[in-house]
Amino acid sequence: MTNLINLGCEVSDIHRRYAEIHKALFGVSSYRMILYALQGKMSTVYSDYAHRLGDLQAELAELERQIHNISDSDLPMRSAADLYECLTEYTRTLHQVITELKSICGFFKNKDQSLQDSADGGQSRLNQDKVAYDYSIRELERLGTKLNKLFSSF
C-alpha cells in the first residue's frame, strides 16, 4: 500500500513539472515568448520544452511499469484497488497529455506549415491537435479530482 502512495506522489511530481511547461507556453508568461520570437530564439525554446517533455515521458513510462507491477497482495483493501485503478488511468492520461503537448511544441519548433493548412472540416491539423489536447486536459482534471478523493480517504 505504501508503495502505491509513493508512486502516486511521484506521478504528482511529474504532473507538476508538466504543468510548469504548460503554463510557460499558454499562461500569462507566454508574452515572454514574443520577446524570444523577436530575437529569433523560438525554435530553441520549443526544442527545450519538447526535450523536457520527452524526459517526463520516459520517467512516466517507468512509473507506469512500476504501478503495473504492484501485486494484488499489496492491495488488501477495496479502496486500495480503486486507488490503483484510478492511478493507472490517471498515469495513462497524463502520458497522453504530455505526448500531445510535445507534438504541439514540435510543430512550433519546426514551423511545420503543413499542420497549419486546412484539413477535413476546415480546421488545420494544429487546431485539431489543440482541441484534442484540451479534451485530454479535461479528462486529466476529472481523474485528478477522483484520485484526490481516493487519496484523502486513506
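The values are calculated or read from the model by the stated rules, or taken from the named source; none is laboratory data. Keep in mind the model is a prediction, meaning the values are calculated, not measured. Glycine gets a Cβ as well: all are built from the backbone with ideal geometry, and neighbour counts include every protein chain shown. Keep in mind that these areas ignore ligands, DNA and RNA; they rest on the heavy atoms of the full protein, side chains included. Shrake-Rupley method; radii C 1.70, N 1.55, O 1.52, S 1.80 Å.
Can you find even one residue in segment 31-43 that is farther than 19 Å from Asp134 by Cα and modelled with pLDDT of 70 or more?
So far as segment 31-43 goes, yes, one or more of its residues are farther than 19 Å from Asp134 by Cα and modelled with pLDDT of 70 or more.
What number of residues within segment 44-82 are of a type outside the set (Gly, Ala, Ser), open to solvent by less than 50 Å² (accessible area, probe 1.4 Å) and modelled with pLDDT of 85 or more?
8
If Leu147 satisfies every condition in (1) touching a Cys at 6+ places or on another chain (Cβ under 8 Å); (2) modelled with pLDDT of 95 or more but one, which is the exception?
(2)
Which of the residues that make up segment 132-147 are of a type outside the set (Ser, Thr, Tyr), touching a residue at least 24 places away in the same chain (Cβ under 8 Å) and over 24 Å from Asn6 (Cβ atoms)?
Of everything in segment 132-147, those that are of a type outside the set (Ser, Thr, Tyr), touching a residue at least 24 places away in the same chain (Cβ under 8 Å) and over 24 Å from Asn6 (Cβ atoms) turn out to be Ala132, Ile137, Glu139.
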